[in-house]
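Chemist: Below you will find the structure I want to go over with you.
All of the numbers you see were taken from the coordinates with simple rules; none came from a lab. Not measured: the values here are computed from a predicted model. With ideal geometry, Cβ positions are generated from the backbone for all residues, glycine too; neighbour counts draw on all protein chains shown.
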Amino acid sequence: MNTSGSTGNTLDTSEELHEFACDLALRAGELQLSRYESPGEIREKAPKDLVTEVDLLCEQLMISAIEERYPEDAILSEEHGGEISEKRRTWLLDPVDGTANFSRANPLFCACISVIEAGTVIHAAVAAPRLGDLYHARLGGGAFRDSGGTRSPLRVSGTERLEDAFVGADISFMGAMREDGRRGTDEVFAAAWQLRALGSAGVRGAWIAAGYLDASVGTRNTAWDYAPTVLLVSEAGGKATDLSGKPWTLDSDGLIATNGDPLHQEILEILARS
């Protein structure tokens, strides 16, 4: 069994690595469920940006497991920090995505894990334990939902026009978007049929892959939020780019994830003229 980080030119899309990532996300989800109505100490690490005792416990669980199994790999986690390695495989961790929801016993929260190699997202797992779902994808291997003991392939929706689309967004940041001159984002929201603010980037991306949502526009550069969405949506037949339509990278300033063209192109055109 290979327990070291990959250092060659071949991306490690092995089933072994994938199953480890999925199992780890599920274990973090089980911990979340065990503390669902008792998150422990809650504090603000920044205005309106919460962290709970459970965030830290889940993070410790994830980091310890990765360091034991793959000691040569790099880790970047939301609370603990770390780095993205240019030479080694890197794990991106969001121990509790949707912490504000979790702190109020709202069921829309999840554990997010992504594996990056050579700047490419090669594995992603999003466990939403209160919903009973595990969403996961492997580069070139498709995207799936495990729920109730059944594994089902994910496929994006067939919605073609923004006026018919369900669009996901984190609207608590809309004020900041306006200040940054991103009026186009508001125009996208206004042109959509329905707007969904879920409070969890991981769930939002998984739901685009599943066809529950048609698109999402994100303007925060947090790799652990965006990376799972990029792989899940792409492997489910959708499209993920930066705000200008270029391929998303770890340095991108935002993410557009959709079910593909023509909807993706319509959103890009609105952003470009704003």
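Chemist: R0 = 22 Å: FRET efficiency of ASP251 with LYS87, Cβ-based, nearest 0.05?
Modeler: Once rounded, the FRET efficiency stands at 0.80.
Chemist: Using the 10 angstrom Cβ neighbour count as an exposure proxy, how do ILE208, ILE63 rank, fewest first?
Modeler: By the 10 Å Cβ count, ascending: ILE63, ILE208.
Chemist: Additional query: Taking every pair of alpha-carbon atoms in the range 162-272, what share in percent sits in each 10 Å bin, from 0 to the bin with the longest distance?
Modeler: For the range 162-272, the pair-distance distribution reads 16, 55, 28, 1.
Chemist: Using the 10 angstrom Cβ neighbour count as an exposure proxy, how do SER252, SER274 rank, fewest first?
Modeler: SER274, SER252
Chemist: For the Cα atoms of the chain, what angle does the longest principal axis make with the long axis of helix 223-235, in degrees from 0 to 90, nearest 10?
Modeler: The angle comes out near 80 degrees.
Chemist: If Lys and Arg each add +1 and Asp and Glu each add -1, what is the summed charge of the other residues whose beta carbon sits under 15 Å from the beta carbon of SER14?
Modeler: Surrounding charge for SER14 is -4.
Chemist: Please report GLU266, GLU15 as a ranked list, fewest other C-beta atoms within 10 angstrom at the top and most at the bottom.
Modeler: GLU15, GLU266
Chemist: Convert 4 °C to kelvin, take the viscosity as 1.567 mPa s, use the Kirkwood radius over C-alpha pairs of the chain as Rh, and evaluate the Stokes-Einstein diffusion coefficient in µm²/s, rounded to a whole number.
Modeler: 70
Chemist: Okay, moving on. Determine the gain in length on full extension of the stretch ARG220-ILE42; use 0.36 nm per residue of separation and subtract their C-alpha separation, reporting nm with one decimal. Mind showing how you got there, number by number?
Modeler: Details: separation 178, 0.36 × 178 = 64.08 nm, distance 2.29 nm.
Between ARG220 and ILE42, full extension yields an extra 61.8 nm.
Chemist: If you don't mind, another one. If I fit a long axis through the Cα atoms of helix 53-69 and take the longest principal axis of the Cα atoms of the chain, what angle between them do I get, 0 to 90°, rounded to 10?
Modeler: With both axes taken from Cα atoms, the answer is about 60 degrees.
Chemist: Could I ask something else about it? Report the Cα centroid-to-centroid distance between the range 216-274 and the range 76-99 in angstrom, as an integer.
Modeler: With the range 216-274 and the range 76-99 each reduced to a Cα centre, they are spaced 20 Å.
Chemist: Okay, moving on. Taking R0 as 41 Å, what FRET efficiency do you get between ALA190 and THR13 from their Cβ-Cβ distance, rounded to the nearest 0.05?
Modeler: Calculated transfer efficiency: 0.55.
Chemist: Helix-derived [θ] at 222 nm for the chain: sum -39500 (n - 2.57) over DSSP H runs of at least 4, divide by residue count, nearest 500?
Modeler: Counting only the DSSP helices, I get -10000 deg cm²/dmol.
Chemist: If R₀ is 25 angstrom, what is the calculated FRET efficiency for the pair ALA118 and SER64, using the beta carbon separation as r and rounding to 0.05? Spell out each step's value before the answer.
Modeler: Working: r = 26 Å, r/R0 = 1.03.
Approximately 0.45, to the nearest 0.05.
Chemist: Using 0.36 nm per residue, how much length does the chain from SER147 to SER244 gain when fully extended, once their Cα-Cα distance is taken away?
Modeler: Full-extension gain reported as 31.4 nm.
Chemist: If you don't mind, another one. Return one quarter of the surface area of the convex hull spanned by the alpha-carbon atoms of the range 15-153, equal to its mean projected area, in nm².
Modeler: Averaging across all directions leaves 8.4 nm² for the Cα convex hull.
Chemist: Just to confirm a number: summing +1 for Lys and Arg and -1 for Asp and Glu over residues other than VAL203 whose beta-carbon lies under 13 angstrom from that of VAL203, what do you get?
Modeler: -1
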